[in-house]
Amino acid sequence: TQLLEQSPQFLSIQEGENLTVYCNSSSVFSSLQWYRQEPGEGPVLLVTVVTGGEVKKLKRLTFQFGDARKDSSLHITAAQPGDTGLYLCAGQTTDSWGKLQFGAGTQVVVTP
Amino acid sequence: GAVVSQHPSWVICKSGTSVKIECRSLDFQATTMFWYRQFPKQSLMLMATSNEGSKATYEQGVEKDKFLINHASLTLSTLTVTSAHPEDSSFYICSARGRVDEQFFGPGTRLTVL
């Protein structure tokens, strides 16, 4: 059983469309990170959110941390083929001793 | 900043041999590093937490005698897969803990055991 439920598992969209990936849990997280991973490479950190209700923007990517710090979302506006990849959310609880709990990941494919 | 390297990037070995994978934090000191393995189309699975100067902490189900971890300095942790078998073939990824609550990942090592 995964602590973080990520949805959807797979998303295929056309270039220019918008998409949202969700990360939900019944646990409270002290921080939550979003990563993007491409085949054969390690995950690359996109953002860290720590405050309930926090919204962070990274160009066309918008990240939101829920008020209760139990959920998060990643929204991509006007997706481009370069956004293709495996998106992973990962969080730390107060008793996790620095360990990250990963979601199952969302494979995003953006076709031209 | 926050660059983590892994070596080798890929390795092929015969069954029964041992393989050592290095993880280095290049521009910061990491008192804690983590080792993960990842199967195709799956998320990362934490294997162990490596603390500089002390024994590693292994996750449930991970054999500590098979996956030896050494964290001899603030910038280097090594994972040795002993007596490797085909079922150990996987993508192994390390991460280093930088600022509080952030982990930076290495590029991964693809291990294939014949």
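Tabulated results
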quantity	calculated
For segment B:34-39, 3J(HN,Hα) per residue [Karplus equation, 6.51 cos²θ - 1.76 cosθ + 1.60, θ = phi - 60°, Hz, x = Gly/Pro]	10, 10, 10, 10, 9, 8
Rg and Dmax of chain B, Cα atoms only, in Å	13.2, 40
Vicinal HN-Hα couplings computed from phi for segment A:45-56 (Karplus, 6.51 cos²θ - 1.76 cosθ + 1.60; Hz; Gly/Pro x)	5, 9, 7, 10, 10, 10, 9, x, x, 5, 10, 10
For chain A, alpha-carbon Rg relative to the globular expectation (2.2 N^0.38 Å, N residues)	1.01
Members of A:56/B:41; B:20/B:55; B:14/B:66; A:70/A:99 lying beyond 22 Å, as alpha-carbon distances in this model show	A:56/B:41
Label point 7 Å beyond Cα of residue B:112 along Cβ direction - residues of segment B:9-46 with amide nitrogen under 20 Å	B:9-22, B:37-42
Long-range Cα-Cα pairs in segment A:46-112 (distance over 19 Å), rounded percent	38 percent
Inter-probe distance in nm under a simple model that places probes 7 Å from Cα toward Cβ, at residue A:50 and residue B:14	5.2 nm
Among A:13, A:68, A:90 the positive-end extreme of the charge dipole of segment A:3-103 (Cβ point charges)	A:68
Residue-count net charge about residue B:77 - beta-carbon cut-off 12 Å; Lys, Arg +1, Asp, Glu -1	+1
Distant-in-sequence amide H partners of residue A:46 (H built 1.01 Å from N, under 5 Å)	A:34, A:35, A:36
Cysteines without a disulfide-compatible neighbour (Cβ-Cβ under 4.7 Å), chain B	B:13
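Bear in mind these aren't lab numbers, they're just calculated from the coordinates by the rules spelled out. Just so we're clear, the structure is a prediction, and the values are computed from it rather than from any experiment. Counting neighbours? That spans all protein chains shown, and the Cβs are built from the backbone with ideal geometry, glycine included.
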